Amino acid sequence: MATDVKRPADSYAPLYFLASLGAGGLSVTFFMFLFFWVPHPGQPVPIFEDVMAAFSKGVLPQQIAIAIAWIGIAVFAFLNLKYLAWNLSALSAFKKTEAYEKLRNSNAETTLLAGPLAAAMTINAMFIVGLTFVPQLWTIVEYLFPLAMVAFGLVGFWALKIIGDFLGRVLSQGGIFDVTAHNSFAQLLPAFALSMVGVGFAAPAAMSTNTVTVGAALVISTFFAVAALIYTVVAAITAFSSMLHYGTHKEAGPTLMVIVPIVTILSILFLRQSHGLHTTFEVHGSAGETMVFLAQMIAVQVVFLLLGLTVLRRQGYFTDFVIGPKTSPGSYALVCPGVAFAVLMQFFINKGLVGAGVLTKFSTGYWALTAIALASQALMIVLVIRLNRQHFGKPAAPAAVPAE
């Protein structure tokens, strides 16, 4: 009789939303090619017309970079949508199971925040797709900003509802939250989701020329940024205490580096706010201040990358769950830090060092530092391909047993 062989992803967990999130993040890394290497006079981001002009008139290396960016944005935005749709369908079915009720009454309830986190990333990714591939989009962008804010508002409400259910349950009654299972940074997922919503709200602050739109974007993005920071501090401190007592939970080990994407998202949020304050409200910051701020944020990332990689190596996580035969949906959390580091390095190099005049754009030193960002990006592409194959690929048929 034939054996029903299932893929690991068929045993659903909400953390599979991170597959969509990682793909969306990689589309952003390719947009960095256009953002920093294509001139875009007249607006703060490159649009379809800028990219086409650069491609038609640029030198061969620039044309190659643009072509790679086009392919990368298209492929990973497609994967972002594909895995978001799959997760939404799988989550709907999962909600009808006993496993879902058990999850809702455990520490793992916060893994449901992976849903709004991935959805917020999808909105960001679709905006990038529009800027890259849709002609004349900038002529109607002031009408799109309010619509985007409504979309982020709905996702933000979704996130706050889940957080409210969780905190309402564990803080209103004693003995419900399992402190012994708090030995990772898994509880920082709500902060990750809040920061992603916040950076989406900050986009109109940097790009709109309407004072009301910019003001609303500044205020609402500030709320989500502050909420994310408070949640990060509280959850990280309590989790670190638990890890000192019980060690780090092996399957949740990748969460030790979740600080890295939170730092990237909040850094971009604050840069967007700074740009909006400068262009709309005449609040001026200096290039040197931006450089030092980004250097500080990169330093925080490097510290947590070193911490996370040290613990994962000592636990043999990569041997078991990445290279080896074991699977865990939490492995997708490994993608976010590499992607986030690559993106923030691009900002540090271009907005920080080049902006302050420390580095000359396209010089040898510039490409040496950019190579670090590109290496991190390439490594994450390889990791995504590997994880997708592990979790969503066609399972191997069991070996036939010879009849005796």
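Quick look at the numbers
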{"item": "Criterion: in contact with a Ser or Thr (Cβ under 8 Å, 6 or more places away or on another chain), in contact (Cβ under 8 Å) with a residue 24 or more places away in the chain, under 18 Å from residue 376 (Cβ atoms) and crowded, with 19+ Cβ neighbours inside 10 Å - qualifying residue of 355, 338", "result": "338"}
{"item": "Failed item in (1) in contact (Cβ under 8 Å) with a residue 60 or more places away in the chain; (2) among the hydroxyl-bearing types (Ser, Thr, Tyr); (3) loosely packed, with under 14 Cβ neighbours inside 10 Å, with residue 29 passing the rest", "result": "(3)"}
{"item": "For residue 47: the one exception among (1) within 24 Å of the chain's Cα centre (by Cα); (2) over 19 Å from residue 127 (Cα atoms)", "result": "(2)"}
{"item": "Helices (runs of 4 or more DSSP H) contained entirely in segment 184-297, each with at least 2 residues that are among the β-branched types (Val, Ile, Thr) and buried (at least 24 other Cβ atoms within 10 Å of the Cβ)", "result": "189-207, 259-281"}
{"item": "Lone qualifier among 276, 316, 288, 324 - being among the small types (Gly, Ala, Ser) and at pLDDT below 95", "result": "324"}
{"item": "One residue from 130, 115, 72 being surrounded by 21 or more Cβ atoms within 10 Å (Cβ to Cβ) and modelled with pLDDT of 95 or more", "result": "115"}
{"item": "Residue satisfying condition, being in contact with a Leu (Cβ under 7 Å, 6 or more places away or on another chain) and without any contact (Cβ under 8 Å) to a residue 40 or more places away in the chain, within set 168, 130, 164, 174", "result": "130"}
{"item": "Inter-residue pairs, beta-carbon under 8 Å, first farther than 15 Å from residue 163 by Cα and in segment 220-247, second part of a helix (DSSP H, G or I) and among the basic types (Lys, Arg), 6+ apart", "result": "221/272"}
{"item": "Matching residues, segment 300-345, being in a helix (DSSP H, G or I) and either at positive phi or polar (S, T, N, Q) (or both)", "result": "301, 310, 315, 319, 331"}
{"item": "Every pair of residues 6+ apart whose Cβ atoms lie under 8 Å, when the first sits in segment 386-404 and is at pLDDT below 55 while the second is surrounded by 10 or more Cβ atoms within 10 Å (Cβ to Cβ)", "result": "397/5; 398/5"}
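Yes/no matrix, rows are residues, columns are (1) more than 22 Å from the chain's Cα centre (by Cα); (2) under 25 Å from residue 236 (Cα atoms); (3) not acidic (Asp, Glu):
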residue: 247; (1), (2), (3): yes, yes, yes
residue: 252; (1), (2), (3): no, yes, yes
residue: 257; (1), (2), (3): no, yes, yes
residue: 292; (1), (2), (3): yes, yes, yes
residue: 306; (1), (2), (3): no, yes, yes
residue: 327; (1), (2), (3): no, no, yes
residue: 332; (1), (2), (3): no, yes, yes
residue: 348; (1), (2), (3): no, no, yes
residue: 353; (1), (2), (3): yes, no, yes
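The values are calculated or read from the model by the stated rules, or taken from the named source; none is laboratory data. Remember, predicted model here, so these are calculated numbers, not experimental data. Quick reminder, even Gly has a Cβ in these numbers, built from the backbone with ideal geometry, and neighbours come from all protein chains shown.
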